[in-house]
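Report on one structure; see the data block that follows.
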Amino acid sequence: MVSKPRTKYPNICYHIYSRGVDQRIIFQDDYDFKKFLNICYAVYLKRNFKVHSYCLMHNHYHFCIETPEQNIGDIMRDINSRYVVYFNQKYQRKGRLFEGPYQDKVIDTPIYFLTLISYIHSNPLGAGLVRNLDEWKWSSYRSYLQEQKIYSFLETTKTLRLFTNIKNFIDYHHQSAELIYHPQFSTIGFRRS
């Protein structure tokens with residue numbers, strides 16, 4: 001099967017996501033989560049990009065990534081391939097880890113950007129893994145609440161400028177999560193993970 005060529009743009013944000021083949025677990029323990037984020041950091045040092053939000057779940061991940069250059073394919077290929085090599089060696093397995101190439105959507109409006117940030121951070125809540133967003137340690141949400149970023153590839157300034165203070169940021173996330181995961185509404189343009 002031939003995949004259609006991806007459109008790459010400079011200075012644009014993308015919603016990037018990928019899932020384990022057959023929805024299998026791709027992060028089996030805390031070290032796997034840390035390793036993936038460390039790989040992201042290593043690729044960040046080599047390539048030019050900013051992460052506005054991320055969330056690693058057990059069988060998939062989400063990123064909001066901004067690329068000043070037309071290099072999103074190189075970035076994601078680098079991250080995913082390095083992680084697959086690590087994972088396959090650690091668990092003595094062969095073959096694909098991800099369903100296919102990463103998925104991407106261009107974020108073309110400020111409201112989409114804000115909704116995406118909240119959606120990404122709310123994934124553990126929607127999956128029933130936590131009761132509060134700050135309980136999930138594998139998302140960027142906690143970094144937004146702290147003065148110090150855990151990973152330097154995370155860019156919080158653009159998002160926080162859209163709020164008058166951190167309380168508004170927190171309130172927006174709570175209200176958005178209620179709306180995104182309310183049973184009356186379908187996923188408001190997002191595919192549930």
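The values are calculated or read from the model by the stated rules, or taken from the named source; none is laboratory data. Everything numeric here is computed off the predicted structure, so don't read it as measured data. All Cβ positions, even for glycine, are placed from backbone atoms using ideal geometry, and neighbour counts span all protein chains on display. Remember, those area values only see protein heavy atoms, side chains included, never the ligands or the DNA or RNA. Shrake-Rupley method; radii C 1.70, N 1.55, O 1.52, S 1.80 Å.
Probe of 1.4 angstrom, ligands and nucleic acids ignored: what's the accessible area per residue over the chain, in square angstrom? Each step should come with its number before you reach the end.
On the way: 10450 Å² over 193 residues.
Value for the chain: 54 Å² per residue.
Distance check, please: which entries in Lys46/Lys90; Lys105/Lys167; Lys90/Lys158 exceed 32 angstrom between their Cα atoms? List each step's numbers first, then the result.
Details: Lys46/Lys90 24 Å; Lys105/Lys167 29 Å; Lys90/Lys158 37 Å.
From the list (Lys46/Lys90; Lys105/Lys167; Lys90/Lys158), the Cα-Cα distance tops 32 Å for Lys90/Lys158.
Translational diffusion coefficient, Stokes-Einstein: compute it for the chain using the Kirkwood radius over C-alpha pairs as Rh, at 37 °C and 0.692 mPa s, and state it as an integer in µm² s⁻¹.
Once the numbers are plugged in, D ends up at 191 µm²/s.
How do 127-134, 169-176, 77-84 rank on mean C-beta neighbours within 10 Å, highest first?
On the way: 127-134: 13.5, 169-176: 16.1, 77-84: 17.6.
Order by mean packing, descending: 77-84, 169-176, 127-134.
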* Structure fact -> Restricting to aspartates and glutamates and to Cα separations under 17 Å from Lys149, and discarding same-chain partners fewer than 8 apart, the set is Asp134, Glu135
* Semi-axes of the equivalent ellipsoid for the range 48-157, Cα gyration tensor, largest first, Å -> 23, 19, 14
* To do: Report, in deg cm²/dmol and to the nearest 500, the calculated mean residue ellipticity at 222 nm for the chain, where each DSSP H run with n ≥ 4 adds -39500 (n - 2.57) and the sum is divided by the residue count.
  => -12500 deg cm²/dmol
